[in-house]
Amino acid sequence: MNVSNISRDAGVARTTAQGYLEILEETLLCFSVPAFEAKIRVRERKLSKWYWCDPGIVRAIKGASGIPLPEEKGALFEGLVAQMIRAYRDYAGVCDEFFYWAIAGGSRTEVDFLLRWGNDFVAVETKSGAVFAESWCKGLRAISGLDGLLRRIVVYPSGPELQTRDGIDVIPFSKFSDLLANDGLWP
């Protein structure tokens, strides 16, 4: 999230916009996920991503009701997974911390969550589609050279468990939830 862009769009000082974001975080309405600098020969994004603690808050603010539109489902699903990872990190210690990773610029290459435990990592990509597509693995393949990367996972709402030829686990949300609850993310 670029605070300068927000302040410019809102017509307020940058410090004012930053203060409002801090209030949202301190009142537990939002939380940020910092960018990870893997330094694997690409220019990486450095700004944090922000999530609402309840992914439905954005819909309520927009006045949306009923079944989410197709363009909303991805962000809502990613927000749900972010909140679960955060909760299990805070209450069960499933990881030391978590980040996201993305290549800077116009590239859409990113990994939604990069969980760190000591010097080891698990990369998690969320997709809201119903049927697995190889294109979902683009970010996970781009970060495959990261030292200490033990596992790459794609989480989608429901469907069969799969594994790609290069070892990426594709699992439904219920299985991912079980892995978090039973400390099963780390091989």
| Ordered by packing density, taken as the mean number of other Cβ atoms within 10 Å over each peptide's residues, highest first, how do 131-137, 78-84, 15-21 rank? | 78-84, 15-21, 131-137
| query | Over the range 45-145, what is the mean sequence separation of C-alpha contacts under 8 Å (at least six apart), divided by residue count, expressed as relative contact order in percent? | reply | 22 percent
| said: With a cut-off of 8 Å between alpha carbons and a minimum separation of six or more residues, what is the relative contact order of the chain in percent? | reply: 15 percent
| task | Enumerate by residue number the trypsin sites (Lys or Arg not before Pro) in the range 95-187 meeting two conditions: DSSP loop (anything except H, G, I, E, B), and at most 16 other Cβ atoms within 10 Å of the site's Cβ. | result | R108, R165
| said: Pick from G159, G66, G145 the residue whose mean-square fluctuation is largest in a GNM of the chain, springs joining Cα atoms under 10 Å. | reply: G66
| task | Express as a percent, rounded to the nearest 5, the fraction of DSSP beta bridges in the range 34-181 (both residues included) that run antiparallel. | result | 55 percent
| Per the helix-only calculation at 222 nm, which mean residue ellipticity applies to the chain, given -39500 (n - 2.57) for every DSSP H run of n ≥ 4 and division by its residues, nearest 500 deg cm²/dmol? | -10500 deg cm²/dmol
| field | Per-residue ³J(HN,Hα) for the range 175-187, Karplus 6.51 cos²θ - 1.76 cosθ + 1.60, θ = phi - 60°, Hz, x for Gly and Pro | value | 5, 4, 4, 4, 4, 5, 5, 10, 6, x, 6, 8, x
| field | Proximal lysines relative to K62, as straight alpha-carbon distance under 24 Å, when same-chain residues fewer than 8 apart are discounted | value | K49, K73, K127
| field | Between the range 55-110 and the range 153-184, the alpha-carbon center distance in angstrom | value | 17 Å
| said: Once you keep just the Cα pairs under 8 angstrom separated by 6 or more residues, what percentage relative contact order results for the range 103-187? | reply: 24 percent
| How far is it, in nm, from the label point at T27 to the one at A64 when both lie 7 Å from their Cα along the line to the Cβ? | 2.2 nm
| If you place +1 on the Cβ of every Lys and Arg and -1 on the Cβ of every Asp and Glu, how big does the dipole about the Cα centre of the chain come out, in debye to the nearest 20? | 600 debye
| Extension gain from A130 to Q83, taking 0.36 nm per residue of separation minus the Cα-Cα distance | 14.8 nm
| request: Ratio to report: Rg/Rh of the chain, with Cα atoms as the point set and Rh obtained by the Kirkwood method; give two decimals. | output: 0.96
| remark: Once L76 and D183 are pulled to full extension, the length gained, defined as 0.36 nm per residue separation minus their Cα-Cα distance, is 36.1 nm
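Values in this text are rule-based calculations from the coordinates and carry no lab data. Computed from a predicted model, the values in this text were never measured in an experiment. Heads up, the Cβs are rebuilt from the backbone with ideal geometry, glycines too, and the neighbour counts pull from every protein chain shown.
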